[in-house]
Structure formats: C-alpha cells, structure tokens
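Heads up: the structure comes next, in structure tokens.
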Amino acid sequence: MLEEGYSLRLYVAGQTPKSIAAIANLKRICEQHLAGKYRIEIVDLMANPALAQRHQIIAIPTLIRQLPEPVKRIIGDLSNVEKVLVGLDIRPN
Amino acid sequence: MCVVLFMNSTKARAAALAIPAVEKCPTGIAGLDEITLGGLPKGRPTLLCGSAGCGKTLLAMTFLYNGAVNYDEPGVFIAFEERTEELIKNVGSLNYDLQKLIDQKKLALDYVHIDPSQIAEAGDYDLEGLFLRLGFAIDSVGAKRVVLDTIDVLFSGLKNHLILRSELRRLFGWLKDKGVTAIVTGERGDGTLTRHGLEEYVADCVILLDNRIEDQLSTRRLRLVKYRGSAHGTNEYPFIIDHAGIVVMPITSAGLAHDASSERVSSGIADLDAMLEGKGYFKGSCVLISGMPGSGKSTVAAHFANSICASGARCIYFAMEESPQQIIRNMRAVGLDLGKWVDRKLLKFSARRPNLYGLETHLAAMHRDVGDFDSHGVVVDPISALMSAGFAGDVHAMTLRLVDFLKTRGVTTLFTNLGLGSAETSTTQMRISSLMDTWLLLYNRESNGEHNRQLYVLKSRGMAHSNQIREFLLSSEGIKLREAYIGPEGGSTGSARLAQEAKEKSVQRLRQQEISRRSREADRRRLEISTQIAALQAQLEEDEILSRQAIESEDQLAADRLAMASTRQPTPSAKSTAKLSSKGKPRLVQK
C-alpha cells in the first residue's frame, strides 16, 4: 500500500518500565504488521532534553509517524495494539 | 535541674523566634507586594485564576519580567496557549522587550503545542517530556521563577485525566523540589476557582482575577483567596493594565491615620487667603468648591494649581470635562499661564472622560498618577462628573478612599463639584461634604437683571475663617474678591451694589453740604457777634471818655471859682458882697 514504508520515531526518557515496554511493543507490532517496510528510531530525551522542546514532546513515551505523511502521534506504552494500528493508519478506524 | 529547665525554655523561645516566616518573592507589581506583604511564597507554586481576558498572562509575565530585570532572578515561561512569537508581540504592549531578555539568557520561553486531533493514546504514559522541557529551560537560564500558562490546555489535549491529575500533582511537587517560585494560571470555573480544580494541587497561594462589567464599564479586580503561612489583604482590589504595566491598588486598606499638618498652602487668591486667616488652606487638607455652572469653580481650582506650581511644587490636574488645552486657553483669560508650568513639568494634566472606565479604575489611575508624579497638590475638576460612572454611594466610597490616600501622602487636594440645584443639596447627595476640611460655596445670584458671583467659606476646619459673603470678580489679573458691602439695606452685589454705593455717596454729599453750611453759618454768627462786641466796646470807651471829660471840666470849674474868689479883696462889707456874689456866681455857672 505504501512504497516508501514507515519512518517511526519513539521518544523515551531513560530506561523506565514504560519506555522499555513501549520499545518492545513497537518492535512486535512492526514485525507483525509492517515487516520489511519500517524503520524505527529511538530517541532518549534524558540524553538530549533540548529535543523535547524542538519536537514538541510532553508525554512519554511518544511515537511519531514521520512517514508517510501526515505526521501522526501516539502517546503511551503502545500496549493497546488496536489503537496503535488505528493510530498508524495500518488498520482503518 | 532548674538551670536545665531555664535553658530549655530559652532554647524553646529561641526556636520559636527562629521559626521561619514564609519567605517572599517580590513580584515588583505595585500594590500586589503590599497586599501579599512582600510577594509570592518563595520556592512554591501560586495559582493565578480568572476567566478569559482578565489579565492572567500579563500579570504572570510581569512577574517574570520584573524578576529578570529588577531582582536578578531569571525566569521560564511555559506557554500552552500562545506561540512564543505571539507572546513576545503581545507583551510588547506593556513595553516589555522579551527578545532582549532571551538574548541575555535571563528568560526562556517555551510554547507547548498540544493538538488533540493529532494525538492518539495507546496505553500508559506520563508527562516526563514536559518535566524534561521544563527542567531543560530552567537549567538553560538558571531560572528562579517559572510560569505555566495556562495549564488547563492539558485537560483538553489529553484524554486520560487520571494520569494527568497524578502527573500534575507530581509536577507541583517537582517545582517545589526545584525551589522555583512558580505561577500556574488556570481558567475560572463555574462556581469553582478553576475549571479543573487546580486549587487542589496548589494549596499555598491562590490569587483570583476578575473583570466585571457594571453599567457597561469594566473594572478589573484582584483578590488574594488564600496565602498559607502569611497574613494578607483580603479585599478585592482594583487593578489596571495599560501601557505602563500593571498596578494593583491596595486602597481599601487606607485608614484614618494620616498626619495633620499645620503648614499652610495658599489658595492662589490673595483675597481668599485673607478670608482664611490670611494664610490659605491647610497643607494636606481637602477643599471642596461647589457651585452652579459658570460660578467660577474651575478658575478657583486653576488659581490653586498655579500657586502650587509657583511655589516650585508639583500638581496634578484631573480634568473630567475639559481638555488640557482648553483649560490652559481659558485660564489665560484670567491672567493665569498654566502652560509654562506644564512645560516645566510642574503641572500635569490627566484628562479622562468619566465614562472611560469604572470608578475603581479611575481611582486606581489617579493613585498611580499621583504616585508617579509625586505631586503635592491635586485638583479634581469636577468630582461630580464621576456620578456618571457610578452610583452616588459608590462615588462616596471612592472619594473616601481617594481622600484617605491623598491625606496619607500629605497632598493638598481641591475638588470641584457641580451642583445644579442649590450647591448644598447636590453635594450632600454624594455625601462627600463631610469628608472635606474646607468647603467654599460659589453662588451665581440673579438680581436686577444680572447674575453676580459670590463666594462664601461655608466651613474651614481648624481655622477662624471669615463669615462674609464676598463678591467674586473674574478679572484679567485673576480672581478678586471685593470688600464685603454691607449697607443699611443688607449686602448687595453687581450694579445693585454700584447703585447702592452711588446712593450712599449722594447721601453723604448732601450731609457734607449740610455740615459745611452749618459751619459757614457759625462762622458768620461768630463774625457778627464779634462785630457787635466791637461796637459795644467802642460805645463803652466813648462813654468813659465823656464821663472823664465831664469830671475834668467840673474840676476845672471848681478851680476857676477858687481863683476868682481869691482875686476879690475881702472888706468888712465884703462878707455881704461875698454872699451876694456867691449867690450871683452859680447863676453864671449854670449858664
């Protein structure tokens, strides 16, 4: 459906349980639904807090779908798979 | 044992004395620091709530701006509603150059953008991102002050309020741990202080802003709802926001503790000073001039302003009905050049239409003007114009507070009051006459087809003032009061006075003529009598001469007779001859 694939960025803050859960959940969902056509970048705001302002992050974890357009934001540890799929437009609402 | 107890008790007392009062962080906002007795609680968050448009953002920004500029306390402003560029522009209206402060690393702005339509929630989250941003901003400038404006936006942006509330609780705790003095703004709720119950989290200090409309005039008010650990003013205080910033007026706290000076201030009218013990008003007193239209109230007021400025002191003229230019022009006609005092910055006109804003705001603006200009004299012309901005009772209350404020500062104040009926009644309507120390009444009385001005000192506390009604003349050399004319038919003014004076003069002339006539007659009689005396004297002298001559001739006769007798020789018969001759001789003499 999409040629360029998914460019996803996950913002976390250190190794908190929520961050670890989010990373694991994201990887699992992508493998299941977007195998081969996704790229994940994980940004630790603890290491680079200036990015929080620049990228308008308030909630942790935040997942941003940069590609395909339009930009989508999902907050939370991504434990609700249905909402993640809807939020990423992988599954129609 | 006793010693130990004693030591313990002194220790306890020392500890009691050392109990730290809540440390204050000055806002630098005139008035607010007075109400809070020093400022906001240092190192703690303060909730600033109010409905839209009541000045939350500007007040919060002023807190940061003053901190950065005046108290060397850098600040962080987290904006949830306005973009930073917009914010910089918006507060430019208060002459705050935020960009400069940002460049100097004294201020950090961060716009938190939340678009609910873009955000999906999938699972558990926290607001660590916000904490990180805030922490980063605080560290970047070494902030001591933080503003979060308006945090309610989070409630519309995030669906999971359970998480949000626990995170807010954590946020306020975190702010306290950071030791920053924070202002958190919140929207006013319906029947609650804030729509989302933020007061639940911020318990230390809550300030409520309000912008009420009464009779189409809005008045901003501020109230300190609570201030844990500190005494504070509890009333609603009016405040104003304009180009010069925010000023809160702690005026309701004014009391009756002002000093009473025995110094005098000239009224600017020599004749009026003469009626007031020759010295004029008391310094720091309140003078009311009431009269009908055209009775010369403004002119008396302008003389006062002129005299204050001429003594080198400053005076503010609050003009409610005329523009400054118009007043200056009009006063030139009576020989007063107010323009030169304006040029020398001794006189300041503050012209505002009474219905420009509500009474409270008028009062607040007057406070600020008097304070900023540090004036010694104030003219309010006319106070009755404020009736259109409020009810009589409100005007009374306002005047009361204004009077208290001015007296506390030792400012001599002159109010004019326009009365349409009799001056007394309309002044009592506002019930301000009792607040005044000196009350001058100006009449404009009709008689003989003309109106004549009269001035009367109805009261003047603490001095022996004249009780006369004096005729009041506006001349090109200013106001002159004519000597009271009290004739046999009472006092009179104008042409009646002239006529009366002429009549007096003619009567006097007649009397003088009569007197001179009488004195002339007396002179004449004196002359007449002295002439008579002279004539009688002459007659007397004549009589004396005649009688002397008669005596002399008698003596001569006697001598002659003797001589004749001696010439005859005596004979014996001579005796008879002698008898005969003696008989014959007297006959001869008798001839």
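Here, each number is a calculation from the coordinates, and none is a lab measurement. Just so you know, these numbers come straight off a predicted model, no measurement behind them. Neighbour counts run over all protein chains shown; Cβ positions are idealised from the backbone, glycine included.
Things worth noting here:
- Residue among B:V206, B:I545, B:N95 farthest towards the positive dipole end of chain B, charges placed on Cβ: B:I545
- From the C-alpha gyration tensor of segment B:499-564, square roots of 5λ in Å: 63, 4, 4
- Taken along the Cα-to-beta-carbon direction at a fixed 7 Å, the label points for B:Q99 and B:D337 span 4.5 nm.
- In terms of distances greater than 27 angstrom between alpha carbons, the cross-link table entries B:K56/B:K345; A:K18/B:K226; A:K37/A:K83 yield B:K56/B:K345; A:K18/B:K226.
- Ranked by how many other Cβ atoms sit within 10 Å of their own Cβ, fewest first, the residues B:H232, B:H362, B:H376 fall in the order B:H232, B:H376, B:H362.
- Rounded to 10°, Cα long-axis angle of helix B:359-373 versus longest principal axis of chain B: 70 degrees
- As a proxy for reagent exposure, B:W174, B:W439 were ordered by neighbouring Cβ count within 10 angstrom, fewest first; the result is B:W174, B:W439.
- With distances taken between every two different alpha-carbon atoms, chain B has a Kirkwood hydrodynamic radius of 31.9 Å.
- Across segment B:15-147, the fraction of Cα-Cα pairs farther apart than 24 Å, rounded to a whole number, is 37%.
- Fraction in percent of alpha-carbon pairs per bin - 10 Å, chain A: 17, 54, 27, 3
- Within 10 Å of the Cβ of each residue in B:132-138, the mean number of Cβ atoms contributed by other protein chains is 6.
- FRET efficiency estimate (nearest 0.05) - Cβ-Cβ, A:R39 to B:N160, R0 30 angstrom: 0.55
- Taking Cα atoms only, the orientation of helix B:574-590 departs from the longest principal axis of chain B by about 40 degrees.
- Shown here for segment B:213-244: trypsin sites (Lys or Arg not before Pro) in loop regions (DSSP other than H, G, I, E, B) with at most 13 other Cβ atoms within 10 Å, namely B:R228.
- Distance cut-off 41 Å, percentage of C-alpha pairs in the protein assembly as shown lying past it: 57 percent
- Semi-axes of the equivalent ellipsoid of segment B:193-299 are 45, 20, 10 Å, computed as sqrt(5λ) over the eigenvalues of the C-alpha gyration tensor in descending order.
- Histogram of C-alpha separations across segment B:265-366, 5 Å bin width, %: 3, 11, 20, 23, 21, 14, 5, 1, 0
- Since only A:I57, A:I20, A:Y38 are under comparison, the one whose Cα sits farthest along the positive direction of the charge dipole of segment A:6-87, derived from C-beta charges on Lys, Arg, Asp and Glu, is A:Y38.
- Acute angle (nearest 10 degrees) that the helix B:494-567 long axis makes with the longest principal axis of chain B, alpha-carbon atoms: 20 degrees
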